[in-house]
1. Nearest 10 degrees, 0 to 90: what angle lies between the long axis of helix 18-28 and the longest principal axis of the chain (Cα atoms)?
2. Can you list which of the trypsin sites (Lys or Arg not before Pro) found in the stretch 165-219 are DSSP loop residues with at most 16 other C-beta atoms within 10 Å?
3. Select from Q379, V365, S415 the residue farthest towards the positive end of the dipole of the stretch 342-417; place +1 on Cβ of Lys and Arg, -1 on Cβ of Asp and Glu, and compute about the Cα centre.
4. Rounded, prolate or oblate: which fits the stretch 342-417, taking a ≥ b ≥ c as square roots of the Cα gyration tensor eigenvalues, rounded meaning a/c under 1.5, else prolate when a/b beats b/c?
5. Cα to Cα, under 17 Å, and not fewer than 8 places away if on the same chain: which aspartates and glutamates meet these conditions relative to K352?
6. Please list, in order along the stretch 31-37, the HN-Hα scalar couplings obtained from phi with the Karplus expression 6.51 cos²θ - 1.76 cosθ + 1.60 (θ = phi - 60°), rounded to whole Hz, x for Gly and Pro.
7. Note down the relative contact order for the stretch 28-176 as a percent, whole number, built from C-alpha pairs under 8 angstrom at least six residues apart.
8. If a paramagnetic tag sat 7 Å from the Cα of A131 along the Cα-Cβ line, which residues of the stretch 43-70 would have the backbone N under 13 Å from that point?
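Here, each number is a calculation from the coordinates, and none is a lab measurement. Not measured: the values here are computed from a predicted model. Cβ placement follows ideal geometry from the backbone for every residue including glycine, while neighbour counts extend to all protein chains displayed.
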Amino acid sequence: MSQLADDCFAHGEEMLTMAEALAILRQRATILAGDRIDRVPLSEAAGRILADDLAATLEVPAHDNSAVDGYALRHGDLADGEATRLTVVGRSAAGHPWSGTLDGGQAVRIFTGAVMPQGADAVVMQEDAQAEGDTVVVPPGLKPGANRRRMGEDSHQGDIVLPRGRRLKPQDLGLAASVGHARLPVYRRLRVAVFSTGDELQDPGQPLQRGAVYDANRHILGGLISGLGAEVSDLGILADRLEAVRTALAEAAGGHDLLITSGGVSVGDEDHVRTAVESLGNLHFWRLAIKPGRPLALGQVRGTAFVGLPGNPVAATVCFLRFARPLILGLAGCAELEPLHYRVAAGFSFEKKAGRREWLRARLVLDGGEPRVERFDRQGSGIINSLVQTDGLVEIPEAVTHLERGDAVDFLPFSEVVS
Ligand code: AMP
Ligand code: MG
């Protein structure tokens with residue numbers, strides 16, 4: 001099994017911006033899943049990460065072919081400014097090419113996708129032509145090369161059509177099939193264990209005890225992680241007892257590439273995750289200039305990477321999406337770590353402190369005018385509804401202190417990062 005360098009998450013005390021933190025993670029958290037490459041059939045490749053550049057094995061299309069139903073002809077046979085009568089000498093349908101060669105004054109009945117006959121260089125659409133017995137009358141004005149698709153116009157043999165590190169989408173699989181691949185080399189799946197921590201947490205299914213809360217984070221995080229193509233082990237709730245946390249983390253370290261916890265990493269007396277991880281490896285608290293959700297705990301448990309997310313569900317989710325997600329993708333071998341953000345108009349005004357990056361949950365409003373985002377009214381870091389009744393996160397950079405209605409803001413739709 002591959003391993004990260006000892007103590008690769010070590011970091012000093014200074015405050016980090018998101019960009020600085022991501023740059024360090026990108027540099028230190030190298031691929032772990034590269035120690036095994038599977039060759040999987042296309043039907044099993046969606047969401048997997050391509051382990052090698054993929055080259056086209058042939059020209060696509062493999063032959064010049066017709067883009068329409070009509071008549072294939074030699075453009076040089078057509079008269080200038082008047083109609084031309086051609087003799088129809090054959091038929092070329094998709095999958096049934098015509099084997100002859102066109103002579104002067106001849107045409108071949110042809111259908112979409114059918115191979116262009118030898119000698120033919122243009123196709124007149126059947127709607128534009130007049131069939132009369134075994135002849136066809138072609139009106140003037142057809143352009144040279146009309147309605148002909150060229151061999152290789154989609155992919156050329158030897159082209160790299162998909163790069164190593166690509167997380168495979170359905171359209172990628174279509175492209176891979178078109179260039180002749182039945183199986184694709186992909187990295188093994190990353191194995192990620194997820195825990196929640198806290199004596200107050202309870203799984204739903206039984207009446208809630210006094211003082212308890214139902215564990216929400218494991219369900220959010222488990223789904224987000226499996227959406228990234230990793231294998232998730234749901235390892236339940238850890239009680240706030242040092243030995244329990246220690247034993248569970250030590251056991252999980254053996255079979256996983258990454259352990260993720262939420263909660264239990266603030267400085268309160270009940271937070272034993274810190275002590276447990278430190279006793280089994282190392283732990284570093286990165287002081288991040290962000291809201292919600294600092295600090296972020298990063299470390300290793302017996303050589304296995306460890307990420308401790310905040311306990312509050314909104315903070316856990318935001319920190320996951322902006323920090324743990326690129327980390328997981330990088331460890332899994334993915335080359336594209338940053339989700340797409342879109343510039344849209346703010347439908348609200350907002351004041352914030354300089355020097356930290358903030359995320360607001362917001363609804364995207366498409367009511368005919370310019371798209372705009374409306375801020376959810378309850379932004380508390382425990383308000384799970386703010387993740388559900390919205391469409392994504394407005395990300396406000398460090399330097400901004402004031403937003404006016406109509407200002408352009410960066411919007412990260414949940415649909416970009418939640419699958
Ligand atoms: P902590 O970081 O452990 O101090 O937790 C901060 C807040 O988040 C507390 O109110 C916890 O009850 C809450 N919390 C922690 N973990 C979870 C969880 N898995 N699901 C829901 N709420 C949680
Ligand atoms: Mg706790």
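1. Tilt relative to the chain: about 80 degrees.
2. On the way: sites: R166, R167, R183, R188, R189, R191, R210, R218; in loops: R166, R188, R189, R210.
Passing sites in the stretch 165-219 are R210.
3. Ranked along the dipole, the leading option is Q379.
4. oblate
5. Hits, sequence-local ones excluded: E374, D377, E395, E398, E404, D407, D410.
6. 4, 9, 7, x, 7, 8, 10
7. 36
8. Counting only backbone N, you get 69-70.
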